[in-house]
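What follows is a single structure, written as C-alpha cells, with notes after it.
Read-outs throughout are calculated quantities, based only on the coordinates presented, and are distinct from any laboratory measurement. The model shown is predicted, which means the values in this text are computed figures rather than measured ones. As a convention, Cβ positions derive from the backbone with ideal geometry for all residues, glycine included, and neighbour counts pool all protein chains shown.
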Amino acid sequence: MIAFASWPNPAIIVPDLQRYGADANARNARGETDLIKAYRWNGVGPKMVAQLLKYGAAASLRDAKGETALSCAMAHQADPETIRLLRQAGARK
C-alpha cells in the first residue's frame with residue numbers, strides 16, 4: 001500500500017488500493033508497514049485498523065526498531081477498541 005496517513009479520510013482508499021494489488025504489508029526503509037505508520041503519523045482509529053486488517057495487514061510484524069502496530073498504538077494512547085482489534089489479530093507489544 002502507499003503511505004496513506006496524509007489523506008483526510010484514509011479508510012475510504014484502502015479497498016481501492018487493495019483492488020489494484022497494493023501490498024498491505026509493504027515496508028518502507030525503516031521496516032514500517034502501513035499499520036505501524038498509521039499510529040506513528042496520525043493515530044488512526046478502529047475503522048482504519050479494521051480496514052487494514054481486513055485487507056491482509058499483519059498485526060504481528062515488527063519494524064526495524066522492533067516495534068509493532070500495538071506498541072505504537074499504545075504509545076499514542078489509542079482507544080480500547082483499536083487495541084482490542086490489534087490483539088485479536090495477533091499483535092504483541
Only listed residue being at negative phi and surrounded by fewer than 19 Cβ atoms within 10 Å (Cβ to Cβ), chosen from Tyr39, Tyr20: Tyr20
Filtered residue count, the stretch 51-85, keeping only those that are of a type in the set (Val, Ile, Thr) and over 23 Å from Leu17 (Cα atoms): 1
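In the stretch 43-93, which residue that is of a type in the set (Lys, Arg) and in a loop (DSSP other than H, G, I, E, B) is surrounded by the most Cβ atoms within 10 Å (Cβ to Cβ)? Let's see the steps before the verdict.
Here is the first cut: in the stretch 43-93, the ones of a type in the set (Lys, Arg) are 47, 54, 62, 65, 84, 87, 92-93.
Subset that is in a loop (DSSP other than H, G, I, E, B): 62, 65, 92-93.
Details: Arg62: 15, Lys65: 10, Arg92: 12, Lys93: 12.
Checking each candidate, the answer is Arg62.
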Cβ pairs under 8 Å, 6+ apart, first in the stretch 13-42 and in a loop (DSSP other than H, G, I, E, B), second of a type in the set (Val, Ile, Thr): Ala22/Ile2; Ala24/Thr33; Asn25/Thr33; Ala26/Thr33; Arg27/Thr33
Complete set of residues in the stretch 43-93 that are β-branched (Val, Ile, Thr) and over 10 Å from the mean Cα position of the chain (by Cα): Thr82, Ile83
Cβ pairs under 8 Å, 6+ apart, first in the stretch 67-93 and without any contact (Cβ under 8 Å) to a residue 40 or more places away in the chain and over 17 Å from Thr33 (Cα atoms), second surrounded by 15 or more Cβ atoms within 10 Å (Cβ to Cβ) and among the hydroxyl-bearing types (Ser, Thr, Tyr): Ala78/Tyr39
